[in-house]
Each structure stands twice: as C-alpha cells, then as structure tokens.
Amino acid sequence: QVHLVESGGGSVQAGGSLRLSCAASGFGDSTYCMGWFRQAPGKEREGVAYIDNDGSTSYADSVKGRFTISQDNAKNMLYLHMNSLKSEDTAMYYCAAAPGRLSAWLRLRPYAYAHWGQGTQVTVSQ
C-alpha cells in the first residue's frame, strides 16, 4: 500500500550538488520513519541518512557534513540534499520507509525497512 517514488538523480561533476526527492503515498494515519540508501554495482546496499517524525536524523560517516536529509510532511515528500559530491557517491539511490521510528543501531540498516522505491541514479564524474 505504501508507495515511494524517487526523482532528481542525474550526472554531475565532482564538487557539485544535487537534490533527490521521494514522493510518498499510502501512509494513511500511520507514522513512518524514512531513510535514504544507495548501492553501487558490486557493492552492498548502504544506509545514507535517516529521519523520523520527531525530526531525529542519522547519517553515514561517509556523507556527514555533505548530505542533509529533510522532509515536508504536508506534501509527503522526503529530500536528500547532496553537496560536495565525490566520485564514490556514484550509486543508485533509494528511499525507504519503516513503521514508527528506529533505534540508532537500526536506522541505516536496509533490513529494517519494508517499503522501498525503485531508485534514482546518481553519477558523479571526476
């Protein structure tokens, strides 16, 4: 029932910026927390950022200080603002949702999320 659609991916040069969006629907009256994940070819899916209804956020060490997760609850939108992009940021980026909120040790774990979008590709050239 929950449906997530990512957009905003594309190609950008190293040092550039990009904003990803995730449109969510089907939440009803339920509260969900949201996360951004990414997966490069041949690599495991990794958590990038997390946000819950209380506004609590978590970030992977690799993106701290460069990426910012935010949400517009009125519009059911999730965003990932990416700055100072590096070639190692190249990956398929996915948004995901889980019921309620997650403890710190689960926030960036893919297995904690039941609902996923189809992904949007981000390619950073050197």
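The values are calculated or read from the model by the stated rules, or taken from the named source; none is laboratory data. Note that the structure is a prediction, hence the values are computed from the model and not measured. Cβ atoms come from the backbone with ideal geometry, glycine included; neighbour counts cover every protein chain shown. Only protein heavy atoms, including side chains, enter the accessible area calculation; ligands, DNA and RNA are left aside. Shrake-Rupley method; radii C 1.70, N 1.55, O 1.52, S 1.80 Å.
List of remarks:
- If the chain linking Glu46 and Gln121 were pulled fully straight, counting 0.36 nm for each residue of separation and taking away their Cα-Cα distance, it would gain 25.5 nm.
- No disulfide-compatible partner, judged by a Cβ distance under 4.7 Å, exists for the following cysteines of the chain: Cys33.
- Per residue, the accessible area of the chain comes to 52 Å², computed with a 1.4 Å probe over protein heavy atoms only.
- Percent carbon-and-sulfur accessible area, the chain, ignoring ligands, DNA and RNA, probe 1.4 Å: 45 percent
- Taking label positions 7 Å along the Cα-Cβ direction at both Asn83 and Arg109, the computed distance is 3.2 nm, reported to one decimal.
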